[in-house]
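Notes to accompany the following structure.
The values are calculated or read from the model by the stated rules, or taken from the named source; none is laboratory data. Computed from a predicted model, the values in this text were never measured in an experiment. All Cβ positions, even for glycine, are placed from backbone atoms using ideal geometry, and neighbour counts span all protein chains on display.
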């Protein structure tokens, strides 16, 4: 059976109360999604290894770091030392295998992702070499965007290859995930739902995370 997980995205949390917000949703979170932006690859600037190190000191949750940066190779050592459990890199930057090799050498999980305008065929040849494929269902760089339905076709294509090859690869989706879109993603074959504003901008973030899980997996197959 595929895994069925909720990953709150700290991009939408209050950074002045980050540890508090993480603790608020920890009982319903399977991992934390950490968006790293450099202001070049995407038009926004967020956090780096020092914040990840601070998170690592405050939580045992799996830290999934999405590197939306021009040159991830110069950052991998820093994120590994900071306690990142996995780093996700972009196929748009070129051949990702050298990055995969370094991550493996450092004991960090390997993720690969693609932007909405990038064809899914570009990542399929690498599925046997990664732990996670992240399908972006919004344009990366900002939270709170509207879900792009075409992302589900990419999920289905990847799911078919993963299942046919019996590959130990999880599929994650990020962007516009809330109670209405979560069931669509789950039905397409997603294992991990990333949600930011739908959780942290809700009056009750814990209840919001629980609601997304219940909407996606109503038969109770999630946490």
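Quick notes
- Scanning the stretch 35-63 for residues that are out of contact with any helix residue (DSSP H, G or I) (no Cβ under 9 Å at 6 or more places or on another chain), part of a strand (DSSP E or B) and closer than 22 Å to residue 192 by Cβ yields a single hit, 62.
- Taking the conditions (1) in a loop (DSSP other than H, G, I, E, B); (2) in contact (Cβ under 8 Å) with a residue 24 or more places away in the chain in turn, residue 88 satisfies each one other than (1).
- Hey, residue 52 more than 30 Å from residue 149 (Cβ to Cβ) and buried (at least 16 other Cβ atoms within 10 Å of the Cβ) or not: yes
- Some residue of the stretch 110-129 being within 27 Å of residue 26 (Cβ to Cβ), surrounded by fewer than 19 Cβ atoms within 10 Å (Cβ to Cβ) and in contact (Cβ under 8 Å) with a residue 12 or more places away in the chain: no
- So residue 3, is it within 17 Å of the chain's Cα centre (by Cα), loosely packed, with under 15 Cβ neighbours inside 10 Å and either farther than 26 Å from residue 185 by Cα or touching a residue at least 40 places away in the same chain (Cβ under 8 Å) (or both): yes
- Look at the stretch 200-223: where a residue is farther than 15 Å from residue 186 by Cβ and a partner is modelled with pLDDT of 95 or more and part of a loop (DSSP other than H, G, I, E, B), sitting 6+ places away or on another chain with Cβ atoms under 7 Å, you get 208/202.
- Residues satisfying the stated conditions in the stretch 64-78, i.e. in contact with a helix residue (DSSP H, G or I) (Cβ under 6 Å, 6 or more places away or on another chain) and not in a helix (DSSP H, G or I): 65
- Look at (1) within 17 Å of the chain's Cα centre (by Cα); (2) modelled with pLDDT of 95 or more; (3) farther than 22 Å from residue 79 by Cα; (4) surrounded by fewer than 21 Cβ atoms within 10 Å (Cβ to Cβ) and you find that residue 167 fails only one, number (1).
- Selected residue (criterion: nearest to the chain's Cα centre (by Cα)) from residues of the stretch 153-164 that are within 27 Å of residue 198 (Cα to Cα) and either at pLDDT below 95 or buried (at least 21 other Cβ atoms within 10 Å of the Cβ) (or both): 155
- When the residues of the stretch 1-33 are filtered to those that are assigned to a loop (DSSP other than H, G, I, E, B) and farther than 13 Å from residue 55 by Cβ, the one that is modelled with the highest pLDDT is 30.
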